[in-house]
Amino acid sequence: MIYESTVYPGATEEDCVPVLERISGLKFNQDFFAGYSPERINPGDKTHRVTNIRKVTSGSTPEIAQIVDALYNEIIVAGTYQASSIKVAEAAKVIENTQRDVNIALINELALIFNKMGIDTEEVLKAAGTKWNFLPFRPGLVGGHCIGVDPYYLTHKAQSIGYHPEIILAGRRLNDSMGAYVATQLVKAMLKRKIQVDGARVLVMGLSFKENCPDIRNTKIVDILAELKEYNIAVDVYDPWVDVAEAQHEYSIDLIKQPKNGQYDAIVLAVAHEQFKQLTADEIRRFGRESHVLYDLKYILAQDQSDIRL
């Protein structure tokens, strides 16, 4: 039995295997064996696919580990890496997502600081990126079923063995707060333009948790929508990638088919879909009223083409 789901270290052998033994009546590592090879799928990425991403493999015995490794080598063109144990493979997978979460949290916190200082975050990151070992992370909303969820598996396991993780949970709290921060920044920008907030109409472009992907699981765009609703702002959401029925079923959101020109007091570029990147700043601004705010959350436009950036 080979598992691929992201789990905390120990889940396969401590939680899953006992269930298999109890239901089947078979003896682990005698009548049946286990393997673990975590999936490494990147939704919306047409370059990095299953067969050309190196696969971590493992097995419940040295012999089974070799069998599992040989099995995946039959289809994984990029090759495999045989971990020394199932727990090592489980831990390797969960820290892949945890590392990204913490790194993005750091950049998000820097963005909060730079915004207060009147410094453009993207310009800072471009300058810092000239050093060869600077990691090219960008601020933003951390949703989806991997980065926004998987770190909790590790923190749960850590707490169960008596250790309270500080950095991981701090990063989670900060990333989970970004939706509300974006909404607050938008409202402040509207007030500075003397745009009446109560009863205003806002267009949010994008609902999926990442660009060029229809997946709306754990999307943090809904946090922006919920916060704007508290200000009695009417929000239209436009996303050509997302299934209309799914958006209604999961979040009670009625997606619009196409924004109309001259309708909105503010526009939020929330997801960097290719369709949105193909629009010019003028084409996007046509959706707004004569006086409006354009918030470029994903750095789709040049710095001087939007009114506010994260």
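The values are calculated or read from the model by the stated rules, or taken from the named source; none is laboratory data. What you see is a predicted model, and the numbers here were worked out from it, not measured in a lab. Here the Cβ is made from the backbone with ideal geometry for all residues, glycine too, and neighbour counts use every protein chain on show. We work out accessible area using only protein heavy atoms, side chains counted, and drop any ligands, DNA or RNA first. Shrake-Rupley method; radii C 1.70, N 1.55, O 1.52, S 1.80 Å.
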Name the single residue that is surrounded by the most Cβ atoms within 10 Å (Cβ to Cβ) among those in the stretch 97-110 being touching a residue at least 40 places away in the same chain (Cβ under 8 Å) and of a type in the set (A, V, I, L, M, F, W, C). 105
Given (1) in contact (Cβ under 8 Å) with a residue 40 or more places away in the chain; (2) open to solvent by less than 40 Å² (accessible area, probe 1.4 Å); (3) outside any helix (DSSP H, G or I), where does residue 174 come up short, assuming only one miss? (3)
Restrict the check to the stretch 235-257 and report whether at least one residue is within 30 Å of residue 136 (Cα to Cα), surrounded by 14 or more Cβ atoms within 10 Å (Cβ to Cβ) and touching a strand residue (DSSP E or B) at 6+ places or on another chain (Cβ under 7 Å). yes
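Results for (1) touching a residue at least 24 places away in the same chain (Cβ under 8 Å); (2) on the phi < 0 side of the Ramachandran plot; (3) open to solvent by less than 80 Å² (accessible area, probe 1.4 Å); (4) in a loop (DSSP other than H, G, I, E, B), shown as yes or no for each residue.
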site	(1), (2), (3), (4)
75	yes, yes, no, yes
84	yes, yes, no, yes
95	yes, yes, no, no
112	yes, yes, yes, no
131	no, yes, no, yes
134	no, yes, yes, yes
138	yes, yes, no, yes
143	yes, yes, yes, yes
Condition (residue is of a type in the set (D, E, K, R) and surrounded by 19 or more Cβ atoms within 10 Å (Cβ to Cβ)) applied to the stretch 261-268: is it met by at least one residue? yes
If you take the residues of the stretch 24-38 that are part of a loop (DSSP other than H, G, I, E, B) and open to solvent by less than 40 Å² (accessible area, probe 1.4 Å), which of them is nearest to residue 69 (Cα to Cα)? 37
Going by the conditions given, is residue 124 free of Cβ contacts under 8 Å to residues at least 24 places away in the same chain, in a helix (DSSP H, G or I) and open to solvent by 30 Å² or more (accessible area, probe 1.4 Å)? yes
